[in-house]
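Here is the structure we will look at, set down as structure tokens.
Here, each number is a calculation from the coordinates, and none is a lab measurement. Just so we're clear, the structure is a prediction, and the values are computed from it rather than from any experiment. Here the Cβ positions follow ideal geometry from the backbone for every residue, glycine too, while neighbour counts run over all protein chains shown.
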Amino acid sequence: MEYRFVKTFEFNFNFGTLLSVDLGTYHESDNLMNSTEEIFNEIKDCVINRGIPELIWFKGIGDSLKHVNSKKIINLIKKEYSHQQIGIYLNCALFEDQEVRKEFYDCDVVAINLNSVNPEDFPKINKCPQFVSPLDVLKGIADFRKEYKGKLGIYSMFLKGVNDNIRNVESLKDFLLKIMPDHYSVSNYTLNGFKPVSDKFKQDLQEILRYVPFKVIYTF
């Protein structure tokens, strides 16, 4: 069976065997019901052929339509495989909306992409619509953390010349210490012509985060 949404089945150092599902290939023109069935059938086929993973990981969810679709698929998975662990990777902008973020409480792992907390560059660096309020997003993440019982991760991508500065790292650290995620993952964005961040910045970053009371994962 050829997959459109199931991307990988591999061992992940942090989660064990991981089945990755990317809703980024979902199009606005797709029929919602048909696509939901297609994605679920791909997952079932992969499970039959490769076995049950320790975590099914959803990514590529950046708007309300994909959010609705992912919720339907997760419900189908939980019904079919009652003990299956579900992880989901989300843009921070979704956490501005209380009704949206409460839908994620049933996920076992929630990872939030948050590249900066500074108001002046928040929409651009976090790929949020201009109308999104940084304060409301950060408050939403903090409120979610208070109620959420699963494992919470914050993921930051650093872009050379954009958010690779000490002020941004210090601000992120202050916010992380308030919400206390289970882990914080750091990566270096090098696509679309961006060059790697400097070794000096990497050293400064590691020094600033050296004694934080949660796990830090460096992927550069």
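The H on the amide N of Ile112, modeled in the peptide plane, is under 5 Å from the matching H of Leu90, Gly153, Ile154, Tyr155, each at least 5 residues off or on a different chain. Beta bridges from DSSP with both residues in the chain: antiparallel share about 15 percent, rounded to the nearest 5. Taking other C-beta atoms within 10 Å as the exposure proxy, His83, His183 rank His83, His183 from fewest upward.
Each of Cys92, Cys107 has some number of other Cβ atoms within 10 Å of its Cβ, and from fewest to most they run Cys107, Cys92. For the chain, excluding the exposed loop sites themselves (trypsin sites (Lys or Arg not before Pro), DSSP loop, at most 14 other Cβ atoms within 10 Å), the longest remaining stretch covers 5-126. Helix 32-50 axis versus longest C-alpha principal axis of the chain: approximately 90°, rounded to the nearest ten. Taking amide H as placed 1.01 Å from N in the peptide plane, the amide H of Trp57 sits under 5 Å from that of Leu19, Ser20, Val21, Gly87, each at least 5 places away or on another chain.
Distance between the C-alpha centres of region 174-220 and region 110-166: 13 Å, rounded to the whole angstrom.
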